[in-house]
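Some notes on the structure that comes next.
None of the figures in this text is laboratory data; all of them are computed from the coordinates on show. Bear in mind that the values here come from a model prediction, so they are computed numbers and not experimental data. Here the Cβ positions follow ideal geometry from the backbone for every residue, glycine too, while neighbour counts run over all protein chains shown.
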Amino acid sequence: MNTSKEVQFYRLSQLKKQLSVSRSSIWAWVKEGSFPKPIKLGKNCTAWNADDVHAWVQSRIDLSK
């Protein structure tokens, strides 16, 4: 029985749209360590693990309470 969860990724363009921020904001957050690091999927393909991004979003929501 295979119970593994399908891993999903966000590309930078998807993150920009979902978070309503610029690419420079995302990279600045990564650089300062406040946003999940991306995963290099290939030579010209960088993406973020969706579960890591969702956890980060939830942490921001929790901090605002």
### Fewest-first ranking of Leu63, Leu15, Leu41, using other Cβ atoms within 10 Å as the exposure measure
Leu63, Leu41, Leu15
### Query
Which of Lys16/Lys40; Lys31/Lys65; Lys17/Lys65 have a Cα-Cα distance over 21 Å?
Lys31/Lys65; Lys17/Lys65
## Note on the structure
Asserting the computed 222 nm helical MRE of the chain (DSSP H runs at least 4 long, -39500 (n - 2.57) per run, divided by residue count, to nearest 500) equals -15000 deg cm²/dmol
#### Entry: Overall form of the chain per C-alpha gyration tensor (a/c, 1.5; a/b vs b/c)
oblate
### Task
Can you pull the one-decimal nm distance between simple spin-label points at Val57 and Val30, each 7 Å off the Cα toward Cβ?
1.8 nm
#### Entry: Cα-centred dipole magnitude for segment 9-63, charges only on beta-carbon of K, R (+1) and D, E (-1), debye, nearest 20
360 debye
